[in-house]
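Each remark here refers to the structure printed beneath this line.
The values are calculated or read from the model by the stated rules, or taken from the named source; none is laboratory data. Just so you know, these numbers come straight off a predicted model, no measurement behind them. All Cβ positions, glycine included, derive from the backbone under ideal geometry; neighbour counts span all protein chains shown. Ligands, DNA and RNA are stripped out before the accessible areas are found, and what is left, the full protein with its side chains, is counted by its heavy atoms. Shrake-Rupley method; radii C 1.70, N 1.55, O 1.52, S 1.80 Å.
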Amino acid sequence: MSQTDSSTRIARVFCGTFVHSTPSAALQILENCVLGVNDKGKIAFIDKDSDVDSLSKTWGFDTAEIIKLEQYEFFMPGLVDTHIHASQYSYSGTALDLPLLEWLNTYTFPVEARYKDLDFANNVYTKVVKRTLKNGTTTACYFATIHRDASLLLGELADKFGQRALVGKVCMDCNSEVPHYRESPDECKEETDRFIIELLKKEYPRVKPVVTPRFALSCSPSLLSELGEIANNNKLHIQSHISENKQEVDLVKELFPDCKSYTDVYLKHNLLTDKTVMAHGCHLTDEELKIFHEKGVAISHCPNSNISICSGLLNVRNVLNHKVKLGLGTDVAGGYSPSILDAIRRALDTSKALTIQDPKHQTLTFEEVFRLATLGGSEALSLDDQIGNFVVGKDFDALRVNVCVPGGPIDLFPGEGTKVILEKFLNLGDDRNIAEVYVAGKRVVPFLHA
């Protein structure tokens, strides 16, 4: 409980229950608290409601304007999706009958090639941004396609609807069986440079570019080097895939015989930094995880996708034991759900499956996975200085959850406390329970725009 100086005006004050994670506590429950958000969208103070009168004098707000939560409502930090393919949303929930490399050439690349049509792109991207926001995703790390204009449009739509986003123009110059869906190395570099310059020129407050080599198999060594240079020169985030399935890992060994491992491919091309997030990592060795820790590289755990296209089961406990940053991703459309609530459930399922295989495996708790979905995601994207929990000075990215919404999916019973209610929401809840979504203090759900 602390507060900052009172140099800014208080825009909103909430009173009720707040749940979040800290580096030392997977779950911290703050009941009977007041939280003030200033006019810059940052948390100005959080304190016990017994001090509300003195707080109102210090901060200059009227106690009559306090927004009070109902008995079965609480605030939690916004959900962070550390890996989602916005361009694949149109066929999410289908096409899950093939392993990764066949799946890409059969379904993904032909669909992504359509994004040269901006009307098509606008339709899909509008829907995915709105759908993820409704499901509580306040921050998304997006893969777009190879098309600069459509990728810029995704950034524009994220800004329009108020979502915090990292947007990546996909880079790939080889090994696509769809001939018209790849670029030459020079074209890819030039278009990536233009994309970054044009997106930064927009000066969106919460939408930034991320350098996006699709994965080692679709990028020549020269392209990987160019992208590493672009990212480091501009101090940008980097995203890609690694060790998703065993066939992919074997092919990387064939194509990059001079590299010790899949991780070594990215390391040699200067793509592993403390602003890099790599999706999947199901088959990383302990030696590779040590490199991830040393470089500050994060893993995006995408359990729905890992199971849906039979890629593998990531041992999250082992990743955490190596002190590697880790968040959750939906990986639409390899994962069929655009909700991080689903990722929470599938992460728990995966951990339990590993325990079935090895009873000595320490199963993840729901509290630990709650942290991965919020604070862990912010750490994975190197945004934990701005978001992830309710700490004074951070942006107020938050969900107002109502577990007792009429017609909702959750039934409550006498004597159930906040911890039980949170667990029920994480396991049973859906977008009907998310009454409001805030990003940097601004209410973005319900939507103001059509």
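Listing for the model above:
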read-out: Candidates Ala333, Ala343 - the one that is buried (at least 24 other Cβ atoms within 10 Å of the Cβ), in a loop (DSSP other than H, G, I, E, B) and touching a residue at least 40 places away in the same chain (Cβ under 8 Å); value: Ala333
read-out: Candidate set from region 381-406 (those that are within 14 Å of Ile434 (Cβ to Cβ) and either among the basic types (Lys, Arg) or touching a helix residue (DSSP H, G or I) at 6+ places or on another chain (Cβ under 8 Å) (or both)); member that is surrounded by the fewest Cβ atoms within 10 Å (Cβ to Cβ); value: Val405
read-out: Output for region 257-268, where each listed residue is open to solvent by 20 Å² or more (accessible area, probe 1.4 Å) and of a type outside the set (Gly, Ala, Ser); value: Pro257, Asp258, Cys259, Lys260, Leu267, Lys268
read-out: Extreme residue, surrounded by the fewest Cβ atoms within 10 Å (Cβ to Cβ), among residues of region 306-330 that are within 25 Å of Ala95 (Cα to Cα) and of a type outside the set (S, T, N, Q); value: Cys310
read-out: Failed item, numbered, when Phe120 is tested on (1) out of contact with any Lys or Arg (no Cβ under 7 Å at 6 or more places or on another chain); (2) modelled with pLDDT of 95 or more; (3) open to solvent by 10 Å² or more (accessible area, probe 1.4 Å); (4) not charged (D, E, K, R); value: (1)
read-out: Some residue of region 19-30 being modelled with pLDDT under 95, open to solvent by 20 Å² or more (accessible area, probe 1.4 Å) and either in contact with a strand residue (DSSP E or B) (Cβ under 7 Å, 6 or more places away or on another chain) or aromatic (Phe, Trp, Tyr) (or both); value: no
read-out: Residues of region 407-450 satisfying the condition of being buried (at least 21 other Cβ atoms within 10 Å of the Cβ) and part of a helix (DSSP H, G or I); value: Ile421, Leu422, Phe425, Asn433
read-out: Search result, residues across region 165-175 that are farther than 30 Å from Lys130 by Cβ and out of contact with any Pro (no Cβ under 7 Å at 6 or more places or on another chain); value: Cys174, Asn175
read-out: Unmet requirement for Glu254, which otherwise passes all of (1) open to solvent by 50 Å² or more (accessible area, probe 1.4 Å); (2) over 30 Å from Asn315 (Cα atoms); (3) part of a helix (DSSP H, G or I); value: (2)
